[in-house]
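First up is the structure itself, then whatever we jot down about it.
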Amino acid sequence: MRGVVFDGKQARVVDDLEVRPPGPGEVLVAVAAAGLCHSDLSVIDGTIPFPVPVVLGHEGAGVVEAVGPGVTHVVPGDHVALSTLANCGACADCDRGRPTMCRKAIGSPGRPFSRDGNPLYQFASNSSFAERTVVKAVQAVRIPKDIPLTSAALMGCGVLTGVGAVLNRARVGRGETVVVIGTGGIGLNVLQGARIAGALTIVAVDTNPAKEEVARRFGATHFLTSADGVRDVLPTGADHVFECVGHTGLVRAAIDLLDRHGQAILLGMTAPKAEASFLPAAMFLDKSILGCRYGSSRPQRDIPLYAELYRSGRLLLDELVTATYPVEEFARAVEDAERGKVARGVLTF
């Protein structure tokens, strides 16, 4: 079968991948569509260290092909969105409703794939850049069949991360003020999360002026090409500032833009050893800096919620998909993403 493999030097499409059958508590999914997320590119450029060779992809949707013993919540033929959380469901963090903090779901990549008898790692417990993948049952979330799979794929990462950061981590309240730095795939979902939450003023900041139209469509009330202009819109600062780029200078900018009792939420992935600086004295007015993994999500709860918000017209999914590419055109999809030509490119099988 086809898939995108990164060998430590280059990522390329191969056609001789194999995947093992699902074991107990696992699901085999025929992937229909997978979003190309910046995290996949971060593996290729080394920003996210990961063992190789690895099958890339972590934002996908497809159709259940087979289930292993003990799986009852999905059956063959069901449409599912795939999460990256291979959480155990039994530890203290899972029991508290914090599956993103499950220690058994981090740092132990499996190897369900092979080529010529040699095992390959699975990225983010998912590897949706393959025609078929095996995931833990908890990662396969059933969705209505009337949602296009090219759109549903984006719920597995971009929507969970961006909208979840607003609703679950920051808990943005009605009438509050929000600044979003960076309007890529994550930033757009933060914008629409803020709109859904009822934020009064939502300022999008992006150096690319061509992104204004789509930013406003997703919820921005103002658009700026520099964070320097935020104080003209919000003289006392913002209640919430989301950094969605992963640039240490913008981390400092996010902190500097906070109003009293404001919070900066860091979503952009910086290099592993990059350091950011700020003025600690500025934090004494009850300000906070929050990390956020995967939107502090509970996928089996959140994905069905987002599916219903989509069906009611409140959550935009189709509009996120700027272009679709056959998996064989992976290189072109990467080029378009790196040039900022797409909000989200989606690979199809």
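We did not get these values from a lab; they are worked out from the coordinates using the rules stated. Because the structure is a prediction, the values reported are computed rather than measured. Cβ sites come from the backbone with ideal geometry, for glycine too, and all protein chains shown count toward neighbours.
Numbers below:
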{"read-out": "Local electrostatic count at Thr161 - Lys and Arg +1, Asp and Glu -1, tallied over other residues with Cβ under 14 Å", "value": "0"}
{"read-out": "Per-selection Rg to Rh, the stretch 249-310 - Cα, Kirkwood hydrodynamic radius", "value": "1.10"}
{"read-out": "Listed peptides 274-286, 178-190 by packing density, highest first (mean Cβ within 10 Å)", "value": "178-190, 274-286"}
{"read-out": "R0 of 25 Å, Cβ-Cβ distance Glu308-His73: FRET efficiency to nearest 0.05", "value": "0.90"}
{"read-out": "The stretch 114-176-the stretch 284-335 distance, computed between alpha-carbon centres (Å)", "value": "9"}
{"read-out": "Length released on extending from Glu213 to Thr348, taking residue separation times 0.36 nm less the Cα-Cα span", "value": "45.9 nm"}
{"read-out": "MRE, 222 nm, helices only [DSSP H, n ≥ 4, -39500 (n - 2.57), over the chain, to nearest 500]", "value": "-6000 deg cm²/dmol"}
{"read-out": "Per-residue HN-Hα couplings for the stretch 18-26 [Karplus 6.51, -1.76, 1.60; θ = phi - 60°; Hz; x = Gly/Pro]", "value": "10, 10, 6, x, x, x, x, x, 10"}
{"read-out": "The stretch 13-85: radius of gyration and largest Cα-Cα distance (Dmax), Å", "value": "14.0, 39"}
{"read-out": "Pairwise FRET efficiency - Val63 versus Arg231, Cβ, R0 = 56 Å, nearest 0.05", "value": "0.65"}
{"read-out": "Arg12 paired with Ser42, simple spin-label distance in nm, labels 7 Å along Cα-to-beta-carbon", "value": "2.7"}
{"read-out": "Segment Arg20-Arg115, extension gain: residue separation times 0.36 nm, minus the distance between their alpha carbons", "value": "33.1 nm"}
{"read-out": "Cα Rg, Dmax (largest Cα-Cα span) when computed across the chain, Å", "value": "19.7, 62"}
{"read-out": "Per-residue HN-Hα couplings for the stretch 268-282 [Karplus 6.51, -1.76, 1.60; θ = phi - 60°; Hz; x = Gly/Pro]", "value": "x, 8, 8, 4, x, 10, 5, 10, 10, 10, 7, 8, x, 4, 6"}
{"read-out": "Relative contact order [Cα under 8 Å, 6+ residues apart], the stretch 186-310, whole percent", "value": "17"}
